[in-house]
Amino acid sequence: MDSTLNKVMNDFPILNQKVNDERLVYLDNAATAQRPNQVIKALTHFYQTDNANVHRGVHTLAERATADYEAARRKVQKFINAPEPEEVIFTKGCTDGLNLVASTYGEANISAGDEIVISIMEHHSNLIPWQQLANRKGATLKYIHLTADGELDLDEAAQLITDKTKIVAVAHASNVMGTVNPIKQLAKLAHQHGAIFVGDGAQAVPHMAVDVQDLDVDFYAFSGHKMMGPTGIGILYGKRQLLEAMPPYQYGGEMIGFVHEQDSTWAELPYKFEAGTQNIAGAVGLGAAVDYLTGIGMDAVHEHEQQLVNYLLPKMEAIDGVQVYGPQDPAKHTGVIAFNLENLHPHDVATALDMEGVAVRAGHHCAQPLMTYLGLTATARASFYLYNTQADADRLLVAIQETKEFFNHGSRKTK
Amino acid sequence: MGLERLNSLYREVILDHSDHPHHKHALPDATHKITLKNPTCGDVINLDIDLDDHDKIKDIGFTGDGCTISQSSASMMTDAVMGKSKEQALHMAKTFSDMVMGKKHPQADLDELQDAAILSNVMTFPARIKCATLSWWALQRALLKQPDGSVDSDDSDKGE
């Protein structure tokens with residue numbers, strides 16, 4: 001595989017190190033991505049030259065910081081093709097954005113007897129807010145299950161989504177199985193029944209071109225840190241008319257129109273949902289990450305990851321005793337690959353891979369209902385990004401083989 | 001480095017215990033029962049302890065699911081505390097958790113842990129310390145709990 005992206009690795013200083021005496025192969029990108037120099041420099045530059053609080057000073061630095069912050073918002077707006085910058089709200093992260101929708105729109109619009117439809121592959125952050133909302137309101141939470149190939153069962157979705165449904169919330173891409181879900185289709189289905197659609201874009205926005213207008217989603221949340229921005233910053237996109245009608249999420253500075261002793265009015269969008277001093281540097285860093293991704297092009301990022309998966313998936317599946325979860329067709333798989341080695345707990349696998357300098361995740365991946373549904377307690381998970389190379393994929397394959405041999409023979413030869 | 005360093009964690013005796021765990025069965029009539037979960041990985045241990053009238057561990061058994069380290073640790077723990085008094089077992093639990101955190105204990109304390117003492121190497125794999133301590137926590141929690149048969153309770157220090 002000859003990808004033009006192979007050289008971008010040099011933009012990431014953290015990758016240039018040895019772990020346990022081996023070149024670090026970082027394959028935990030679904031948990032958090034690494035930051036390129038461009039993002040690190042943008043953060044440093046902001047703190048060294050422009051730092052001030054936004055929207056509340058008349059001095060020069062305050063104006064600069066405000067301009068930086070709002071420029072970042074417009075970069076994100078363009079990146080996801082949101083109609084207006086006011087529909088792009090800065091949050092702490094994807095979890096924060098989804099909780100915002102559940103606590104405001106959900107609180108105001110869900111009543112006893114209503115139904116909320118999610119999928120069994122949801123991350124806890126797109127599950128618990130709806131579960132608890134349903135519990136508070138006496139509403140019913142329903143789950144779309146999977147086909148044998150780890151894709152959403154769309155026939156079941158069509159049966160579950162009815163005129164009783166008020167909210168449909170589904171991940172754009174699974175953080176465990178790498179499945180890409182047809183959320184445009186699900187949003188259409190939701191709208192046909194008068195429901196709104198909420199997309200969890202945490203595992204999609206960093207890896208593919210996302211156009212919220214084309215998808216026609218009502219809300220769409222994602223995190224900055226999975227797309228090489230800082231931690232503690234995220235985005236909630238919402239359609240203006242919905243956001244306008246919603247009560248605020250938190251109260252405090254910056255989000256007010258006018259405060260009287262006994263009552264208050266709220267600021268215009270997006271500030272109504274940005275109470276208190278925001279993560280201004282985080283927003284600036286996220287803007288730099290958007291610039292970086294835009295410079296490379298999301299189609300190129302997607303193509304690069306697709307090539308890696310095309311190369312790796314059949315080779316992993318060919319290793320005796322390796323079970324790969326999710327779609328077996330590489331074309332339907334993002335760079336997130338959950339797997340297990342026969343008779344070996346994923347924690348043992350992850351420790352062994354770490355000894356080889358290969359960083360993977362092991363556990364339930366914040367998707368316990370999915371694990372239960374699949375009859376698993378945990379899996380290992382390798383997740384790739386634009387700076388990973390075919391050499392990284394090869395290192396993973398070799399490390400898996402050696403791990404298998406270690407536990408099968410290695411120290412057990414006396415048995 | 002490769003996998004050589006793994007040999008210090010996955011010693012033969014540890015692999016033997018995880019392959020053929022001792023006392024891996026439920027005790028339906030146990031006086032003390034507890035279920036503990038490791039929330040970071042989803043591992044579960046159900047620990048059943050049967051104390052006699054003199055607070056001595058008459059029988060102990062565990063069920064559940066987990067990695068090599070947590071399974072072998074549970075197996076070695078049940079070997080070590082079988083026949084011990086409640087106070088002795090609690091002391092051993094303290095020794096074990098101190099040991100894997102790198103705190104020193106007299107050799108006599110470590111000897112009392114039997115095979116379990118070999119898990120001291122886990123302290124060089126910080127991410128795995130919880131795997132090793134889960135069963136010992138369960139022991140401690142179960143013994144300090146009122147023997148009312150309830151599981152997954154947080155009232156671990158009511159004492160008896």
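The values are calculated or read from the model by the stated rules, or taken from the named source; none is laboratory data. Remember, predicted model here, so these are calculated numbers, not experimental data. For neighbour counting, all protein chains shown are included, and Cβ atoms are generated from backbone atoms with ideal geometry for every residue, glycine included.
Give me the residue from the range A:309-363 that is in contact with a Gly (Cβ under 7 Å, 6 or more places away or on another chain), within 14 Å of another protein chain (Cβ to nearest Cβ) and assigned to a strand (DSSP E or B) and, out of that set, nearest to A:Thr403 (Cα to Cα). Going through the qualifying residues, I end up with A:Leu341. Look at the range A:184-196: where a residue is in the same structural domain as A:Thr104 (by TED's automatic domain parsing) and under 14 Å from A:Asp214 (Cβ atoms) and a partner is in a helix (DSSP H, G or I) and of a type outside the set (A, V, I, L, M, F, W, C), sitting 6+ places away or on another chain with Cβ atoms under 8 Å, you get A:Lys184/A:Asp214.
Checking B:Met99, B:Met76, B:Met82 one by one, the residue that is more than 14 Å from every other protein chain (Cβ to nearest Cβ) and at pLDDT below 95 is B:Met99 and no other.
Among the residues making up the range A:368-398, those that are in contact with a helix residue (DSSP H, G or I) (Cβ under 6 Å, 6 or more places away or on another chain) and either free of Cβ contacts under 8 Å to residues at least 60 places away in the same chain or within 13 Å of B:Gly42 (Cβ to Cβ) (or both) are A:Ala378, A:Thr379, A:Ala380. Within the range B:52-65, the only residue that satisfies the criterion of being among the aliphatic types (A, V, I, L, M) and crowded, with 24+ Cβ neighbours inside 10 Å is B:Ile60.
Taken together, A:Ala67, A:Ala52, A:Ala30 contain a single residue that is surrounded by 14 or more Cβ atoms within 10 Å (Cβ to Cβ), under 30 Å from A:Ile256 (Cβ atoms) and of a type in the set (A, V, I, L, M), which is A:Ala52.
If you go through the range A:257-308 and keep only what is surrounded by fewer than 16 Cβ atoms within 10 Å (Cβ to Cβ), assigned to a loop (DSSP other than H, G, I, E, B) and in contact (Cβ under 8 Å) with a residue 24 or more places away in the chain, you end up with A:Glu268, A:Gly276, A:Thr277.
Rundown of residues vs (1) of a type in the set (Val, Ile, Thr); (2) in a strand (DSSP E or B); (3) in contact with a strand residue (DSSP E or B) (Cβ under 9 Å, 6 or more places away or on another chain), yes/no style:
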{"site": "A:Ile14", "(1), (2), (3)": "yes, no, yes"}
{"site": "A:Ala42", "(1), (2), (3)": "no, no, no"}
{"site": "A:Arg73", "(1), (2), (3)": "no, no, yes"}
{"site": "A:Gln77", "(1), (2), (3)": "no, no, yes"}
{"site": "A:Glu86", "(1), (2), (3)": "no, no, no"}
{"site": "A:Gly97", "(1), (2), (3)": "no, no, yes"}
{"site": "A:Gly113", "(1), (2), (3)": "no, no, yes"}
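Within the range A:126-147, being surrounded by fewer than 24 Cβ atoms within 10 Å (Cβ to Cβ), touching a strand residue (DSSP E or B) at 6+ places or on another chain (Cβ under 7 Å) and touching a residue at least 40 places away in the same chain (Cβ under 8 Å) holds for A:Tyr143, A:Leu146.
Kindly evaluate A:Glu254 against the criterion of being assigned to a loop (DSSP other than H, G, I, E, B) and farther than 24 Å from A:Ser103 by Cβ. Judged against the criteria, A:Glu254 is not a match.
Kindly establish whether B:Thr68 is more than 14 Å from chain A (Cβ to nearest Cβ), in contact with an Asp or Glu (Cβ under 6 Å, 6 or more places away or on another chain) and either among the hydrophobic types (A, V, I, L, M, F, W, C) or crowded, with 16+ Cβ neighbours inside 10 Å (or both). Walk me through how you get there before you give the answer.
Details: more than 14 Å from chain A (Cβ to nearest Cβ): no; in contact with an Asp or Glu (Cβ under 6 Å, 6 or more places away or on another chain): yes; either among the hydrophobic types (A, V, I, L, M, F, W, C) or crowded, with 16+ Cβ neighbours inside 10 Å (or both): yes.
For B:Thr68, the condition - more than 14 Å from chain A (Cβ to nearest Cβ), in contact with an Asp or Glu (Cβ under 6 Å, 6 or more places away or on another chain) and either among the hydrophobic types (A, V, I, L, M, F, W, C) or crowded, with 16+ Cβ neighbours inside 10 Å (or both) - is not met.
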